[in-house]
Amino acid sequence: MYNAGFFIDSGRLTGQLLVAMPTMPDLRFARSVVYICSHGDGGSMGLVVNRLYGEISFQALLHQLNLKLAAETPEVPVHFGGPVEVGRGFVLHSTDYLREGTMRIDDNVALSATVEILEAISQGQGPERLLMALGYTGWGAGQLDAEVQANGWLTAPADEDILFGSDIETKYDRALAKIGITSAMLSGEVGHA
C-alpha cells in the first residue's frame, strides 16, 4: 500500500474526475480535469490529467534523477499534476503493474511514486497504460467537498481513455460529455447555467 503520507481513504470521490467550472477562481485549474486518487475525512489528493508540464521530457527527467536511459526508453509526456510538490513525480497507471509502493485505486487504476516504476518504464517493462505527472493537487479535510458544493467543480465518472489517452485537448469536453454537458452549456457567471 502506498504510504507516503497521502490519504488513502476510499471516499465517494475516489476514482472520479473533477471538471473545473468556468467560475473556478484559481486560474491554475481553469478548464482542468483532475482524477481523484484519494478522498476521505483527512483530505484529498488528485492529478490533473489534461495539462502538460511544459518543456520537460521523460528522458530529461530520468537524466536529472541519474537513471540510465535504455535504447527502448519511450517518449512519455510529462503532465502538470498540480501545484503541490511540483518536484515530485507520480505515475498514474493500469493495474498490470503492481509493486511495493503502489496504491491501487480501483480494479483498473493504480498510483506509484517510486524510482522503480520510472526505471521499469525506461526499460520498456512498465505498465501498459500510464500518465506521468510532476506535482499533485491536494485539499485539506473538507476542502474539496466545500469546493464541489460551491460549484467550483463538477464530478464525472473516470474512464481509461480520458486518463491515459494522448488527446489532451479534448479531455475537458469528453469529461463533460460523460455527464451530458457541453462546455457551451456552462456559464462563466455565478448563479447562471
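Scan segment 26-37 and tell me whether some residue there is surrounded by 17 or more Cβ atoms within 10 Å (Cβ to Cβ) and either more than 16 Å from the chain's Cα centre (by Cα) or on the phi > 0 side of the Ramachandran plot (or both).
No; the residues of segment 26-37 include none that is surrounded by 17 or more Cβ atoms within 10 Å (Cβ to Cβ) and either more than 16 Å from the chain's Cα centre (by Cα) or on the phi > 0 side of the Ramachandran plot (or both).
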With respect to the numbered conditions (1) within 22 Å of residue 165 (Cβ to Cβ); (2) in contact with a His (Cβ under 9 Å, 6 or more places away or on another chain), which one is the sole condition not fulfilled by residue 69? (1)
Show the residue pairs meeting these rules: Cβ distance below 8 Å; 6+ apart or different chains; first residue within segment 11-29 and over 13 Å from residue 158 (Cα atoms); second residue assigned to a loop (DSSP other than H, G, I, E, B) and of a type in the set (Asp, Glu). 11/41; 23/189
Sort out which residues of segment 124-153 are more than 16 Å from residue 77 (Cα to Cα) and in a loop (DSSP other than H, G, I, E, B), and write them in order of number. 125, 141, 142, 150, 151, 152
When segment 89-115 is examined, which residues are found to be in a loop (DSSP other than H, G, I, E, B), touching an Asp or Glu at 6+ places or on another chain (Cβ under 8 Å) and touching a residue at least 40 places away in the same chain (Cβ under 8 Å)? 101, 108
I'd like to check something: does segment 116-138 contain any residue that is buried (at least 21 other Cβ atoms within 10 Å of the Cβ), among the aromatic types (Phe, Trp, Tyr) and in contact (Cβ under 8 Å) with a residue 12 or more places away in the chain? yes
Find the residue count for segment 78-96, including only residues that are more than 14 Å from the chain's Cα centre (by Cα) and modelled with pLDDT of 95 or more. 2
Consider residue 118 against the criteria (1) of a type in the set (A, V, I, L, M, F, W, C); (2) assigned to a helix (DSSP H, G or I); (3) within 18 Å of residue 46 (Cβ to Cβ): it satisfies all of them except one. Which criterion is unmet? (3)
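Looking only at segment 45-77, filter to residues that are without any contact (Cβ under 8 Å) to a residue 12 or more places away in the chain and under 26 Å from residue 169 (Cβ atoms); which one of those is surrounded by the fewest Cβ atoms within 10 Å (Cβ to Cβ)?
Residue satisfying both the conditions and the ranking: 55.
The values are calculated or read from the model by the stated rules, or taken from the named source; none is laboratory data. Here the structure is a predicted model, which is why all the values come from computation and not from measurement. Positions of Cβ are backbone-derived with ideal geometry, glycine not excepted, and every protein chain shown enters the neighbour counts.
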